[in-house]
Amino acid sequence: MMPFPGGIEANANATLLFSFVAAVIYAFALDMPPKWTRTAAKTLAVALLAVLAAMQGGPLLLVAALALSAAGDAFLSRDGEKAFLGGLASFLAGHIAYVALFAQAGGGLQLLSVEFWRDAIALAMAVFSIVMLAALWRRVGPQLRIPVAVYVAAILAMGISALTTDKVWVIAGAVLFIASDGLLATERFLLAAISPHRVWMRHAVWVLYYAAQLAITLGFLLVS
């Protein structure tokens, strides 16, 4: 059974399937040396979600956030500090778009005080972000500290703004996104270079990240 009307040949279902296939291809190519084919697979996975959102008449901010995330994926698929900073900037802009989108779709911050579980998740997000920033502050170079701090603040704002919506898939996606970024930061900056945990963590980062983007996308396109 397809999530959108029509069979597998329908444009929306086919686009979603191609996005998933690209995500799987990248998962298998993740440990290979950086190549443009690997970059293409990583970028297409989320870029096709942006195409799907546009095709289905999804919010413009959703399309923008997904497109910016795809640009960030393209940067992060390459090595080097410039590529990392390009990815950081792209994802920062993407999170700002998500904050605006969730604020537009949500019921305001007052909703957090109405239901305890929202408050609990928001508090967990805040504590996690503070602990992660404190750990990173000691490990990243001085030139990266401010960009990393701004990014941590942006993804925390994204998570809290998601909690103001009634879209369970969107909230789940935001939680997965924060978990993915936390693992990415740990793998890149906090683990020893020869740590055996790097391999599984890289794969976990990708699975959590793609699941997050997929959940947010379908949360807006399939759930009213």
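What's the number of the only condition in (1) aliphatic (A, V, I, L, M); (2) in a helix (DSSP H, G or I); (3) more than 17 Å from the chain's Cα centre (by Cα) that Ile8 fails to meet?
Status for Ile8: all satisfied but (2).
Condition check ((1) in contact with a Leu (Cβ under 8 Å, 6 or more places away or on another chain); (2) more than 25 Å from Ala53 (Cα to Cα); (3) free of Cβ contacts under 8 Å to residues at least 24 places away in the same chain; (4) surrounded by fewer than 19 Cβ atoms within 10 Å (Cβ to Cβ)) across all residues:
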| residue | (1), (2), (3), (4) |
| --- | --- |
| Gly173 | yes, no, no, no |
| Ser180 | yes, no, no, no |
| Leu190 | yes, yes, no, yes |
| His197 | yes, yes, yes, yes |
| Leu208 | yes, no, no, no |
| Thr217 | yes, no, no, no |
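Could you please let me know if Asp73 is of a type in the set (Asp, Glu), at negative phi and buried (at least 17 other Cβ atoms within 10 Å of the Cβ)?
Here the answer is yes, as Asp73 does meet what is asked.
Does Ala83 satisfy being at pLDDT 90 or above and either assigned to a helix (DSSP H, G or I) or surrounded by fewer than 19 Cβ atoms within 10 Å (Cβ to Cβ) (or both)?
Details: at pLDDT 90 or above: no; either assigned to a helix (DSSP H, G or I) or surrounded by fewer than 19 Cβ atoms within 10 Å (Cβ to Cβ) (or both): yes.
No.
If Ala185 meets every condition in (1) buried (at least 20 other Cβ atoms within 10 Å of the Cβ); (2) modelled with pLDDT of 95 or more; (3) within 15 Å of the chain's Cα centre (by Cα) apart from one, which number is that one?
The single condition Ala185 does not satisfy is (2).
Kindly list the number of the only condition in (1) free of Cβ contacts under 8 Å to residues at least 12 places away in the same chain; (2) over 23 Å from Val150 (Cα atoms) that fails for Arg118.
With (1) free of Cβ contacts under 8 Å to residues at least 12 places away in the same chain; (2) over 23 Å from Val150 (Cα atoms) applied to Arg118, the lone miss is (1).
In the stretch 25-56, what residues are part of a loop (DSSP other than H, G, I, E, B) and closer than 16 Å to Leu214 by Cα?
Matches in the stretch 25-56: Gln56 only.
Given the conditions (1) surrounded by 19 or more Cβ atoms within 10 Å (Cβ to Cβ); (2) more than 20 Å from Ala215 (Cβ to Cβ), report the number of the one that Ala105 does not fulfil.
Unmet condition: (2).
Just give me the residues in the stretch 13-47 being within 20 Å of Arg198 (Cα to Cα), crowded, with 21+ Cβ neighbours inside 10 Å and aliphatic (A, V, I, L, M), in sequence order.
Correct list: Ala23 only.
Run Ala135 past the list (1) touching an Asp or Glu at 6+ places or on another chain (Cβ under 9 Å); (2) surrounded by fewer than 19 Cβ atoms within 10 Å (Cβ to Cβ); (3) over 30 Å from Thr37 (Cα atoms) and report the number of the one that doesn't hold.
With (1) touching an Asp or Glu at 6+ places or on another chain (Cβ under 9 Å); (2) surrounded by fewer than 19 Cβ atoms within 10 Å (Cβ to Cβ); (3) over 30 Å from Thr37 (Cα atoms) applied to Ala135, the lone miss is (1).
With the condition kept exactly as written, say whether any residue in the stretch 149-163 is over 21 Å from Val207 (Cβ atoms), free of Cβ contacts under 8 Å to residues at least 40 places away in the same chain and over 16 Å from the mean Cα position of the chain (by Cα).
For the stretch 149-163, residues over 21 Å from Val207 (Cβ atoms), free of Cβ contacts under 8 Å to residues at least 40 places away in the same chain and over 16 Å from the mean Cα position of the chain (by Cα): present.
With in a loop (DSSP other than H, G, I, E, B), among the charged types (D, E, K, R) and within 30 Å of Val114 (Cβ to Cβ) as the only criterion, which of Asp166, Asp181 stands out? First the steps, then the outcome.
Numbers: Asp181 fails: in a loop (DSSP other than H, G, I, E, B).
After applying the criteria, what remains is Asp166.
Among (1) farther than 22 Å from Leu62 by Cβ; (2) modelled with pLDDT of 90 or more; (3) of a type in the set (Phe, Trp, Tyr), there is one condition Trp206 misses while meeting the rest; what is its number?
(1)
The values are calculated or read from the model by the stated rules, or taken from the named source; none is laboratory data. Here the structure is a predicted model, which is why all the values come from computation and not from measurement. Note: ideal-geometry Cβ built from the backbone for every residue, glycine included; neighbour counts use all protein chains shown.
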